[in-house]
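Every read-out reported here was derived from the displayed coordinates using simple, explicitly stated rules and does not represent laboratory data. Please read these numbers as outputs of a predicted model, since none were measured by experiment. Cβ coordinates were reconstructed from backbone atoms using ideal geometry, including for glycine residues, and neighbour counts include every protein chain displayed.
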Amino acid sequence: MAIDLTSLLAHEMAALLRSGSTSSRALTEAHLAVAERQNHALNAWLLIDREGALRQADAADARIAAARRDGLDGVAGLAALHPLHGIPVGLKDLISVEGGQCTAGSRILAGYRAPYDAHIVERLRAVGAVFLGKTNMDEFAMGSSNEYSAYGPVSNPWDLDTVPGGSSGGSAAAVAAHHVPLSLGTDTGGSIRQPAALCGIVGMKPTYGRVSRYGIVAFASSLDQIGPFARDARDAAALLHAVAGRDARDSTSAPVSVPDELLHLAASDDEAASWLRGKRFGLPREYFVAGMDPDVERRIREGVAFLEDAGARVEDVSLPHTDYGLATYYIVAPAEASANLARYDGVRYGLSRRLEGGDFIADYLATRGEGFGAEVKRRIMLGTYALSAGYYDAFYLKAQKVRTLIKRDFDEVFASGIDALVAPTSPSVAFRFGARTADPVAMYLSDACTLPVNMAGLPGISIPCGLSEGLPVGLQLIGPAWSELMLFRAARAFEGLTAAASWSGMPPTHLAASNDGAGPTPADRAAALATLAAAALVAPR
Ligand code: GLN
């Protein structure tokens, strides 16, 4: 029986490519077919680039053939190829690919063509990865549910009536639904880890400065980081390895070396788990927030018990300024966003509403009024207010000071010898469309457990940790700056420990329903739920 290539992990695909049992073209065709078939039901992709992907796949196959010819017995040449060579990857649609669309989920960038490749796109081209297309996202990466995309919401492949999380919801849903084994997202306050948790996959936000942001549409520049999604730790580590490292074009990208061990995480589950012996984990009490779903908390505590059984020490710790994370984030992020978004003026980028009469200000107002969605406007207003003369000290400056206190909490815990923190990624599982859109603060609270990590610039990873009412729960591991390799080892250990669990490696429960090319779209589902909610027939959850 022919194997379903889309069910494989990237490192399994890489092995098949090297043994000659499959080709990048076959892998790419298989993934394109599922993505094209399911995009009606999921809306995970804003662009599926069949032609471009197949061209890259053929080039990857040609290099494999050349490597096989030129190496000793074919081995040396093939061994030099990066594990991502010939593997399909999805890119969040705020990553510039020369000549291609880059909407950032906004109407204001409709029709815009990126004039150059982002740094990470250059890096992925250099290792021979195949770009399947651009994934859906909340407008300008503002959101926690992907309901703020100007191009419609995305469904979660575990339950098509629920959100995949945001803002990188398309990237997460595409990986969970086997459209690609790997994708990239950005995380400003949780936008990689939260959707990874809600979709039951692995997602990492690296240390601030680990990956160059050159060619990425900016949201909040002191918080934004690019990072990988995958269905296991090894694949995510390999993708980080491909894109990380210093780039002179982003002055905040750090000259810190990228460990090659990222490509050599333990293959055996037992060996991976044995790494945990003697490690010290901290359980921050402030992360078990009021209003947290009790069943999600149970899954997290079960995860902690797994770590202890494997010989790790888990201690209660305190990060006393956690409570201020949300308030400071919603000063700093909108302030930076209001500055970054000033460039969308209708003159230089995308949408332009030139009115009759040549009134520049009227053109500007019309372009921005029509081009930006409500959430983006809300952020611009919050940010402009916080930065205005007279309020700057009271809000922005104060928030920056509190940010230092938040960072200090983490520094102290790690200085006391704790290797990593264990916490929930999200206080709830995936919620239904519409459940949080009426109340911005309820939406903002989705990221209470992830925001402080961005405020401190630290790396964090979300890994699958069981199901609650049939929906995935994510466990978050947080480490000191530049500890990505350690976090991946811990994540890989957790995978090893839980490999026999019923939920481990389980495909999303609504994959079959996602094949329905004539059924409701995510927008239809959201509208139907809104109608029911208006009639008070279903309580939002
Ligand atoms: N949900 C948060 C926000 O809307 C974080 C988004 C992100 O990480 N890009 O700002």
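Remarks
- A248-V314 pseudo-label distance in nm [points 7 Å out on the Cα-to-Cβ vector]: 4.8
- Listed from fewest to most Cβ neighbours within 10 Å, the set M443, M455 follows the order M443, M455.
- Over the chain, DSSP H runs of length four or greater, each weighted -39,500 (n - 2.57), average out per residue to a 222 nm ellipticity of -12000 deg cm²/dmol.
- Centre-to-centre, using Cα atoms only, segment 254-317 and segment 343-387 are separated by 45 Å.
- Where GluC sites (Glu not before Pro) fall in DSSP loop in segment 195-298, at most 13 other Cβ within 10 Å: none
- Annotation for segment 280-350: trypsin sites (Lys or Arg not before Pro) lying in DSSP loop with at most 12 further Cβ atoms inside 10 Å of their Cβ are R348.
- Between A415 and A501, the C-beta separation translates, for a Förster distance of 35 Å, into a calculated FRET efficiency of about 0.55.
- The count of lysine pairs in the chain with alpha-carbon distances below 23 Å, taking only pairs 8 or more places apart or on different chains, stands at 8.
- Gain on full extension, evaluated as 0.36 nm per residue between R378 and R408 minus their Cα-Cα distance, stands at 7.8 nm.
- Applying 0.36 nm per residue to the separation of R298 and E12 and subtracting their alpha-carbon distance, the gain on full extension is 99.7 nm.
- Using a Förster distance of 41 Å, the FRET efficiency for A305-S19 (Cβ separation, nearest 0.05): 0.55
- Point-to-point label distance, A442-A389, nm (Cα→Cβ direction, 7 Å offset): 4.1
- Gain on full stretching of the segment that runs from L532 to A290 - 0.36 nm per residue minus C-alpha separation: 84.3 nm
- Helix runs (DSSP H) in the chain reaching 24 Å along axis by Cα, Kyte-Doolittle at least -0.5: 24-42
- Order of H321, H178 under a 10 Å beta carbon neighbour criterion, fewest first: H321, H178
- Listed by Cβ neighbour count within 10 Å, with the fewest neighbours leading, L497, L397, L239 appear as L397, L497, L239.
- Segment 475-533-segment 117-161 distance, computed between alpha-carbon centres (Å): 15
- Working from label points 7 Å from Cα in the Cα-to-Cβ sense, the S268 to A59 distance is 4.0 nm.
- In the chain, the DSSP beta bridges split such that about 65 percent are antiparallel, to the nearest 5.
- Summed residue charge, Cβ within 12 Å of V296's Cβ, Lys/Arg positive, Asp/Glu negative: -2
- The chain - Rg (one decimal) and Dmax (whole number), Cα, Å: 22.2, 74
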